[in-house]
Amino acid sequence: MNLEFTGWIIAAISALVVGLSKTGLVGIGIVGSIGLTLMLPAKIVTGAILPILIVGDIVAVSMFRRHANWGQLLRIFPWAALGVALGWFMLDKLETHAINRLVGAIVVIIVILQVIREIRGQLEPPKNPLLAGGVGVLAGVSTMIANAAGPVMSVYLLAMKLPKLEFIGTTSWYFLVMNLFKVPFGLNLGIVNWQSLLFDLKLVPFVLLGAFLGKPILERVNQVWFERIALVFAFFSGLRLLLF
């Protein structure tokens, strides 16, 4: 956790970007994760970034808590909890890069399928009752292993045709609950510890700044461009997991 000056600059910018992703620029959080990955080993990043994400989630919930779609959340939460438990098991037993590539491939495929649906004019939300369960497990596994549930949830909620405020409110509650749920697993694996918390404490002001800058950006983006931006970032997030 002892970084050079340049490393701290990159970490601060990454924290700022994470904050922006929570309240405005949906999906850009993967850029923040990449920045921190450049500074720290992959497994350490998973634990080090968790408290930063929770701070951003708390701010986002405080801003958008009334816009959540609880019907969607209650369908996904139990499956996501199962996915976190599976991810906790895999993180200590399996090669992280292999799992990341699998998640990345799935994300890229579902983004392409969503684009095809929109080109064909299939604007109604999918009706398959198994979809929420599959998304929940995948999001739970990917968030535990690489803090990469964002693109999974983005594509799912875009397919559900949620308005942008409802989208942000739903993801805010989802990630706050799931990131808090992940804390005991991180403690068990030793990736959340006093050293990582001290590292996070130095970055909290930048997360807060990013989160408060994100809301006015969201207000200026219309629904069509909001959906396009979210899909683009989801696609590149999947590529990043798949190729790197």
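Each value in this text was obtained by applying a stated rule to the coordinates, not by laboratory testing. Keep in mind that what you see is a predicted model, and the values were worked out from it rather than measured. Please note: Cβ atoms are built from the backbone with ideal geometry, for glycine as well, and neighbour counts cover all protein chains shown.
Points to keep in mind about this one:
- When the chain is treated as a GNM with alpha-carbon contacts under 10 Å, the residue of ASN222, ASN69, ASN128 showing the greatest mean-square fluctuation is ASN128.
- For ILE109, net neighbour charge (Lys/Arg +1, Asp/Glu -1) across residues whose Cβ lies under 14 Å away: +2
- Structure note, pairs LYS182/LYS215; LYS127/LYS161; LYS93/LYS182; LYS127/LYS182: Cα-Cα distances above 23 angstrom occur for LYS182/LYS215; LYS127/LYS182.
- Working note: 222 nm ellipticity from helices only, DSSP H runs with n ≥ 4, each -39,500 (n - 2.57), summed and divided by the residues of the chain, gives -28500 deg cm²/dmol to the nearest 500.
- From the C-alpha gyration tensor of the stretch 2-81, square roots of 5λ in Å: 27, 15, 10
- Taking 0.36 nm per residue of separation and subtracting the Cα-Cα distance, full extension of the segment from ARG228 to GLN122 would add 36.6 nm.
- The Cα-based radius of gyration and maximum Cα-Cα distance (Dmax) for the chain are 16.6, 52 Å.
- Hypothetical label at PHE5: residues of the stretch 185-211 whose amide nitrogen lies under 12 Å (7 Å Cα-Cβ projection): none
- Extension gain (nm, one decimal) between VAL221 and LEU130, 0.36 nm per residue minus Cα-Cα: 29.5 nm
- Fluctuation leader among ARG66, ARG101, ARG120 - the chain, Gaussian network, Cα springs under 10 angstrom: ARG120
- Cα-based helix-to-principal-axis angle, 42-64 vs the chain, degrees rounded to 10: 60
- Extent along the principal axes, Cα only, for the stretch 119-244: 51, 35, 29 Å, with the longest axis given first.
- Average projection, convex hull of the Cα set of the stretch 154-193: 3.3 square nanometres.
- Under the simplified labelling scheme, the LEU197-VAL183 pair shows an inter-label distance of 0.9 nm, with each label point 7 Å from Cα along Cα→Cβ.
- Helix 131-146 and the longest principal axis of the Cα set of the chain meet at an angle near 20°.
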